[in-house]
Amino acid sequence: MSQKPRKLQRVSKACDFCNRRSIKCGRSEDPLGRCQNCADFDVPCTFDRPAKRRGVKAGTRASMRETPLVGTPAPENVPPVPPAAQATGRMSNSSASRSSYYTESGHRPSLTGDPWSTFNTGGVATEGYDDDGALRNSWNAFAIASDRQIRNLVQVYFEIVYPIFPLFHKQSFIKRVHNQEHLRNPGLFASTMAVCALVSGRARDGALFTNRWHRDELAEPPSEAFYAAAKDSIPRDLAAARGINYMRACAILAIASIQNGQIKNMQKFSGMYHTLTSMEGLHDEKLWPKNLSPIETEERRRLFWSIYTLDIYSTIVWGGVIRYREAHSLVRYPSEVDDEFITPQGYGLPPVSPESGVSPDDVTVVSRQPVAWLRGWNFTTDLYRILEYVVDGNRRRFSSANGTSQVWSLFTPASMSEPAVMERVLSMYAALPSQFKETPPTTGDMAKDLFGFQSANIQATLQLLRMVLLSAEELGVDRKCDVAGELLSVFSKVPVEYLNAISSPLLHHLGGIGYILGSVMEGSLSEASYQRVRTLLLEMADLLGRLETGLQRASGASQRLRSQVDRIDGYMRTSRLLNLTVPHPHPHPQHNTVPIDTKREIPIPPTTYIPPSGPAPAVGPPTAMGGQMMQFQLPPELLSDWPWPLDGAHSEGFLPLAFE
């Protein structure tokens, strides 16, 4: 008679590590006798917590029967399960996979919402959870297990994010992470996790441009896990979030939210950043601590002006208000010195080349030093300061709509025109060193590529300034096409590696061009103007095609744009066939357009896309009337799914006052 197999018994008591995280404590073959989770995270497996009696206390069942079930809040002394516990419960260094982060929590983060904000913990939200450091310890265990990945992501930060947002001093930050100071400093932990979230997201979206890194190697843990770690590490009471690191964490999380298309989260973390900076007095150097080292001083200056530019940018793209004004700020620009020459003791100078023929003690040495890349970075800040006043001028045109009397005209002269402003700006641009007016291909040598990044960013910001200036002017079809063509020409000349590294924010620059072309398509068109817009749309589709190979938010945009052009082409061909057989109605005396019957059900035949590099596809001969090109208007349904503004969920969209 065969013996009945013995039933496997569960572990009678979970270890301290698993108990704090409310995760299953399973046996393992670890030689040290640790459970599987402790072995995976390489932490001691202890049972030091005091034992508690099992079972229900006397009288509890009766009180439970008397307690109403509907509308009863959760007991305050029962903490929810920390997110890190669920995110890391089954992860090991060798077998962690992206799906494990989601299946453990029972919740897959969305690219349109707040990832990892709540978990399947019996209906209890984990927002702001803190139980005597248990949550911090849980995320610390996650960071210990991800130590190698964190070091890699920090290195990648200085290649693809630092050139635009230089929020850390390179040498000191890398040293602190390698020494694992972030495990002992909560503020540094929050900002380090935020860095990893942003870099991981951009690496996922194709921002890597050197052979030193591969996207798959940086994919685990996913960006959402680092995002959750950073978010949970910021104290619920912002008054307790003291120091630059918490300000940096909120700022970087705002940038990471843009990367993932989470605009409400961007606004939330931007608001938290501005709250902290107000409490810390970041806007005025006289309010800073007196014992700051040169490194700390430069980091504060870079942080302030970095997020100043982000604030102007977000106001232009998504509307809202500018939180910090240039006139209210007493913060110097960052010193134009490379990080390697900034130490806790002071500022050094790069060595003078032997061919210069001067001694190190010569007073002219400073003027002969090589140009620092921060010179171009500071120039970009100048452009955003100009943008602040341009945005104010545009908004004031509509200030009478709120029913208040105008007072700003007592103090401010009339706004300048786009040609006058751009003439002044281009003269400033012409005075820059040549390194900032050329954008050579990336080399992998960051000493050289830093200048390419500044040149690309300057070009993108110049075009943004021009678009905002033009949004306040009445432009004809030809002028709009000229502007869109010039903007596309500038972006097409920038190496795609820089565009990919700038990543999601660049899409909103391109969205401005799409907005311009969309305003043309909605108005009255001639055959010639349609053909010109059509060519520009296909050029834009080509540019998007270069970007969307890795950038998730641009995925499919190129093909959708080409499909829309095909649909319009089909409508144009069908309309021309009707025009050959149906007598033309007389135009309305007040309009120089021929109405098209949009209520008739006209089939739109499929068309074949021909790349813009080849001959322009013929969509039929132009129809003339009286020797002049006939005007027409496309039916609204053909433009109902126009892809710009990119973030259609927001009511204002890109350039809310533009071209209306």
Open item on the list: Based on this model, can you work out whether Gly512 counts as out of contact with any Cys (no Cβ under 6 Å at 6 or more places or on another chain) and either modelled with pLDDT under 80 or within 17 Å of Gly485 (Cβ to Cβ) (or both)?
Closed with: yes
TODO: List the number of the failed condition for Ala230; all other conditions in (1) of a type outside the set (D, E, K, R); (2) under 21 Å from the mean Cα position of the chain (by Cα); (3) surrounded by fewer than 23 Cβ atoms within 10 Å (Cβ to Cβ) hold.
DONE: (3)
- [ ] Kindly indicate which of Gln531, Gln459 is assigned to a helix (DSSP H, G or I) and surrounded by fewer than 19 Cβ atoms within 10 Å (Cβ to Cβ).
- [x] Gln531
TODO: Can you tell me which residue within segment 236-265, out of those that are in contact (Cβ under 8 Å) with a residue 12 or more places away in the chain and assigned to a loop (DSSP other than H, G, I, E, B), is farthest from Leu310 (Cα to Cα)?
DONE: Arg236
Task: segment 535-546, subset in contact (Cβ under 8 Å) with a residue 60 or more places away in the chain and in contact with a helix residue (DSSP H, G or I) (Cβ under 7 Å, 6 or more places away or on another chain), residue surrounded by the most Cβ atoms within 10 Å (Cβ to Cβ) - done: Leu538
TODO: Name every residue in segment 315-328 that is without any contact (Cβ under 8 Å) to a residue 60 or more places away in the chain, touching a helix residue (DSSP H, G or I) at 6+ places or on another chain (Cβ under 7 Å) and either part of a helix (DSSP H, G or I) or hydroxyl-bearing (Ser, Thr, Tyr) (or both), in order of residue number.
DONE: Tyr324
Open item on the list: Which of the numbered conditions does Cys481 fail, given that it passes all the others? Conditions: (1) modelled with pLDDT under 90; (2) over 22 Å from Leu547 (Cα atoms); (3) part of a loop (DSSP other than H, G, I, E, B).
Closed with: (3)
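Name the residue, out of Ile307, Ile255, that is under 15 Å from Tyr324 (Cα atoms), in contact with a helix residue (DSSP H, G or I) (Cβ under 8 Å, 6 or more places away or on another chain) and assigned by TED's automatic domain parsing to the domain that holds Glu340. Write out each step before concluding.
Working: Ile255 fails: under 15 Å from Tyr324 (Cα atoms).
Going through Ile307, Ile255 in turn, just one is under 15 Å from Tyr324 (Cα atoms), in contact with a helix residue (DSSP H, G or I) (Cβ under 8 Å, 6 or more places away or on another chain) and assigned by TED's automatic domain parsing to the domain that holds Glu340: Ile307.
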Task: Flag if Tyr313 is aromatic (Phe, Trp, Tyr) and closer than 21 Å to Ala241 by Cβ - done: no
Open item on the list: Taking the condition of being of a type in the set (Phe, Trp, Tyr) and touching a Leu at 6+ places or on another chain (Cβ under 6 Å), how many residues in segment 306-332 meet it?
Closed with: 0
- [ ] Kindly list the number of the only condition in (1) under 30 Å from Ser200 (Cβ atoms); (2) buried (at least 16 other Cβ atoms within 10 Å of the Cβ); (3) without any contact (Cβ under 8 Å) to a residue 60 or more places away in the chain that fails for His283.
- [x] (1)
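If you check Ser417, Ser503, Ser434, Ser489, which single one turns out to be among the hydroxyl-bearing types (Ser, Thr, Tyr), at pLDDT below 80 and more than 21 Å from the chain's Cα centre (by Cα)?
Details: Ser503 fails: more than 21 Å from the chain's Cα centre (by Cα); Ser434 fails: at pLDDT below 80; Ser489 fails: at pLDDT below 80.
Among Ser417, Ser503, Ser434, Ser489, only Ser417 is among the hydroxyl-bearing types (Ser, Thr, Tyr), at pLDDT below 80 and more than 21 Å from the chain's Cα centre (by Cα).
The values are calculated or read from the model by the stated rules, or taken from the named source; none is laboratory data. As the structure is a prediction and not an experimental result, all values here were calculated from the model. Positions of Cβ are backbone-derived with ideal geometry, glycine not excepted, and every protein chain shown enters the neighbour counts.
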